[in-house]
Amino acid sequence: MTSELPALRLALLQLVGCGRDLAARYAKADRQLRRAAAAGAEPALLPEMWSIGYQAFDPGNPRDRSAWLATAVARDGEWVESFRRLATELQMAIATRTSSVGPARPAMSSR
């Protein structure tokens, strides 16, 4: 007796980042996640560290370091919440990793 497993359409989104611009990163992800959902994909995985994309800062420039630290997102903040709302709307699991706000420095977080 043979039983067939249901097909799985997984979206692995390899996207080029948008520097430190969180709004542009979200907009790009939103467009691509909607395309993936329309194609029947579920779940979808965004690139690792999508919120910041391994952006570095100049250690000799305190203002650049501060700007880099400002890109960290709160786990219960708007960045994560916007992906939760989109996942609900699209009826799709969305996986992303972020640089999150922590007590001493940003830390990687899976959500």
Farthest toward positive dipole pole in the chain [+1 Lys/Arg, -1 Asp/Glu at C-beta], among Trp68, Ala29, Ser82: Trp68
Fewest-first ranking of Ser82, Ser3, Ser100, Ser66, using other Cβ atoms within 10 Å as the exposure measure: Ser3, Ser66, Ser82, Ser100
Under Karplus coefficients 6.51, -1.76 and 1.60, residue-wise ³J(HN,Hα) of the range 18-26 in Hz, glycine/proline x: 10, x, 9, 7, 4, 5, 5, 5, 5
Centre separation in Å (Cα based) which lies between the range 1-42 and the range 54-76: 27 Å
Neighbour count of at most 15 Cβ within 10 Å plus DSSP loop: longest GluC sites (Glu not before Pro)-free window in the chain: 49-111
Fewest-first sequence of Met49, Met92 by Cβ atoms within 10 Å of each Cβ: Met49, Met92
Given (1) 1.29; (2) 1.24; (3) 1.87, the label whose value is Cα Rg over 2.2 N^0.38 Å derived from this model: (2)
Sparse-neighbourhood loop sites, trypsin sites (Lys or Arg not before Pro) in the range 57-94 - DSSP loop, at most 16 other Cβ within 10 angstrom: Arg75
Amide H contacts of Ala11 (H built 1.01 Å from N, under 5 Å, at least 5 apart or other chain): Glu42, Ala44, Leu45
Charge tally in the Cβ shell below 12 Å around Gly17, where Lys, Arg are +1 and Asp, Glu are -1, Gly17 excluded: +1
Distant-in-sequence amide H partners of Val73 (H built 1.01 Å from N, under 5 Å): Ser99, Ser100, Val101
Antiparallel %, DSSP beta bridges [both residues in the chain], to 5: 40 percent
With Cα atoms, 0 to 90° folded angle of helix 78-90 axis to the chain main axis: 10 degrees
Summed residue charge, Cβ within 12 Å of Tyr26's Cβ, Lys/Arg positive, Asp/Glu negative: 0
Per-residue [θ]222 nm for the chain (sum of -39500 (n - 2.57) over DSSP H runs n ≥ 4, rounded to 500): -11000 deg cm²/dmol
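We did not get these values from a lab; they are worked out from the coordinates using the rules stated. Keep in mind that what you see is a predicted model, and the values were worked out from it rather than measured. Note: ideal-geometry Cβ built from the backbone for every residue, glycine included; neighbour counts use all protein chains shown.
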